[in-house]
1. Between Asp13, Asp189, Asp142, find the one with the highest GNM mean-square fluctuation for the chain; connect C-alpha pairs within less than 10 Å.
2. Provide the descending list of Cα extents for segment 129-227 along its principal axes, expressed in whole angstroms.
3. Among 172-180, 34-42, how do they line up from the highest to the lowest mean number of other beta-carbon atoms within 10 Å?
4. For Phe107 and Glu22 in one chain, what is 0.36 nm times their gap in residues minus the Cα-Cα distance, to one decimal in nm?
5. Which net charge results when you count Lys and Arg as +1 and Asp and Glu as -1 among the other residues whose beta-carbon is under 13 Å from that of Leu66?
6. Cα axis of helix 109-127 to longest principal axis of the chain: angle in degrees, 0 to 90, nearest 10?
7. When the expected Rg is taken as 2.2 N^0.38 Å, what fraction or multiple of it is the alpha-carbon Rg of the chain?
8. State the extension gain, in nm to one decimal, for the chain segment bounded by Gln154 and Asp188, taking 0.36 nm per residue of separation less the distance between their alpha-carbons.
Amino acid sequence: MEEKLRILLCEDDENLGMLLREYLQAKGFQAELCPDGEAGYKAFLKNKFDLCVLDINMPKKDGLTLAGDIRSVNADVPIIFLTAKTLKEDILDGFKHGADDYITKPFSMEELVFRIEAILRRVRGKKSKESNIYHIGEFTFDTQKQILARGEQQTKLTTKESELLGLLCAHANEILQRDFALKTIWIDDNYFNARSMDVYITKLRKHLKDDENIEIINIHGKGYKLIVPEEPVA
């Protein structure tokens with residue numbers, strides 16, 4: 001039986017915290033709820049967690065301070081911040097303190113689980129050597145070297161191209177939510193970054209155009225979908 005992934009959940013709103021814990025457990029996670037930053041830090045030192053969800057405004061030790069303490073013990077464990085702050089400066093401050101993602105209140109529990117699963121997929125991908133290579137129809141994509149290859153032909157991708165193609169591959173034949181991609185790669189989902197992402201989508205389509213079985217399509221109002229053959233092309 002596969003061991004459940006452990007999540008440290010720090011939230012001082014008792015009602016919200018209990019709802020989140022119950023929802024995460026219903027989704028197959030093992031969640032430990034702490035009402036403040038000090039309790040969260042003690043729990044982190046005592047147990048091994050796969051991911052941390054931290055409210056920023058907590059008594060005794062706020063989420064940013066707690067994140068710094070956690071990072072001093074484990075530099076790799078993913079951290080998601082929950083906060084009512086929506087200013088760009090606050091969001092950037094969260095990322096400077098080691099956030100892997102940042103969710104502003106109010107939010108849907110489905111969105112939180114989606115982001116948790118996406119981060120854990122990326123973490124597992126980094127840890128697994130095999131997951132650094134994606135097979136996209138006739139192409140092979142090496143995420144570490146940022147090289148897209150088809151036969152003897154190789155294309156060196158830019159960092160943004162590589163990050164975006166990596167997200168599309170992780171969600172192959174599924175919808176990659178537009179706002180999730182923007183916040184993951186560009187941090188902010190403003191108008192200018194959205195236009196920038198459109199440009200990179202166009203570039204990726206050109207890189208992949210030689211295989212007619214591959215397509216990146218727009219899903220109106222939602223995002224993009226990388227269409228790839230279900231079976232490898234011979």
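Throughout, read-outs are computed from the coordinates displayed, never taken from laboratory work. In this text the structure is predicted, and so the values were computed from the model without any measurement. Every residue, glycine among them, receives a Cβ derived from its backbone with ideal geometry; neighbour counts consider all protein chains shown.
1. Its mean-square fluctuation being the largest, the pick is Asp13.
2. Result, largest extent first: 39, 25, 22 Å.
3. Order by mean packing, descending: 34-42, 172-180.
4. Extra length from Phe107 to Glu22 when fully extended: 29.0 nm.
5. -3
6. Around 60 degrees separate the two axes.
7. Output field value: 1.10.
8. Between Gln154 and Asp188, full extension yields an extra 9.1 nm.
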